[in-house]
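*Asks:* Can you keep this structure in mind? I'll have questions shortly.
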Amino acid sequence: SVAFCEQFETATASPEAKLAALQAAVKAHGAYAKMCSEGKGVDRHLLGLRLSLRPGEEKPKIFQDTAYTESSHWYLSTSQLSSEHFEGWGFSEVVPDGYGVAYTIRKDAVILHIAAMKNEFGLNSDHLAHYIKEAATEMRAVVLACKLKDAAAKPKL
């Protein structure tokens, strides 16, 4: 969410404010992902409308709009495997100027597979991996700082 990004970009934001923004963003993302898995995501609705067009039928203006075209171009395509048992898998970008990111979340790790075509767009999977790791490390530091503060505030017996 925008609020999450703003909190993490604000040098004076407290770890607690950052954690609250992270938790709100995770909650919102989870709710939207659930809606999508139930076929209730806006992209599913628009896909259904687009696929219902008959051959030769004129496309409604929404499908000709620049915003629709841009939002349908998957610069970042992701996929998740939810298993401790997969040791290797593959995933790829879906457009020449995009990235494909497969990930699995394990008990003690997050594993990523990042792909991009070598072409005139100059994408670099190593750079994206660096920035994802940097962001994950920053979020981890915020969570740990809040946990340590909570632990320190509890009375010792």
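The values are calculated or read from the model by the stated rules, or taken from the named source; none is laboratory data. All values reported here derive from a predicted model rather than from experimental measurement. Don't worry about glycine lacking a Cβ; one is built from the backbone with ideal geometry, like all the others, and counts go over all protein chains shown. Just the protein is used for accessible areas: all its heavy atoms, side chains included, with ligands, DNA and RNA removed. Shrake-Rupley method; radii C 1.70, N 1.55, O 1.52, S 1.80 Å.
*Asks:* Measure off, as a whole percent, the carbon and sulfur share of the 1.4 Å-probe accessible area of region 40-157, all protein chains present. Don't skip to the end; give the middle numbers.
*Replies:* On the way: 5410 of 9200 Å².
Carbon-and-sulfur percentage of accessible area, whole number: 59.
*Asks:* Show me the ranking of peptides 137-148, 59-70, 16-27 by mean Cβ neighbours inside 10 Å, starting with the highest. Walk me through the intermediate numbers first.
*Replies:* On the way: 137-148: 13.2, 59-70: 10.5, 16-27: 15.7.
Ranked from most to least packed, the peptides come out as 16-27, 137-148, 59-70.
*Asks:* Which aspartates and glutamates, on any chain, are close to K149 with Cα under 20 Å apart, when same-chain ones fewer than 8 places away are left out?
*Replies:* Cross-link targets: E16, E138.
*Asks:* Let me ask another. Taking square-rooted eigenvalues a ≥ b ≥ c of the alpha carbon gyration tensor, is region 32-79 rounded, prolate or oblate, where a/c under 1.5 means rounded and, failing that, a/b exceeding b/c means prolate? Intermediate results must be reported in sequence, preceding the final value.
*Replies:* Values: a/c = 2.43, a/b = 1.46, b/c = 1.67.
It comes out oblate by the Cα gyration axes.
*Asks:* With an 8 Å Cα cut-off and a minimum separation of 6 or more residues, compute the relative contact order for region 1-151 in percent.
*Replies:* 17
*Asks:* Got the relative contact order for region 65-109 handy, in percent, Cα pairs under 8 Å and 6 or more residues apart? Mind showing how you got there, number by number?
*Replies:* Working: 55 pairs, mean separation 19.2, N = 45.
Relative contact order of region 65-109: 43 percent.
*Asks:* Tell me the mean residue ellipticity at 222 nm calculated for the chain from its helices only (DSSP H runs of n ≥ 4, each -39500 (n - 2.57), averaged over every residue, nearest 500). Intermediate values should be presented prior to the final figure.
*Replies:* On the way: 5 runs with 76 residues, N = 157.
Taken over the chain, the calculation gives -16000 deg cm²/dmol.
*Asks:* For Cα extents along the principal axes in Å, the listed values are (i) 63, 36, 33; (ii) 42, 37, 34; (iii) 76, 34, 31; which was obtained by calculation from the structure presented?
*Replies:* From the options (i) 63, 36, 33; (ii) 42, 37, 34; (iii) 76, 34, 31, the structure gives (iii).
*Asks:* Separate question: Using 30 Å as the Cα-Cα cut-off, could you pick out the over-long pairs in K40/K133; K40/K147; K40/K61; K18/K107; K107/K147?
*Replies:* K40/K133; K40/K147
*Asks:* Rg/Rh for region 8-94: what does it come to with C-alpha atoms and Rh from Kirkwood?
*Replies:* Numbers: Rg = 18.6 Å, Rh = 17.0 Å.
When Rh is taken as the Kirkwood radius, the ratio is 1.10.
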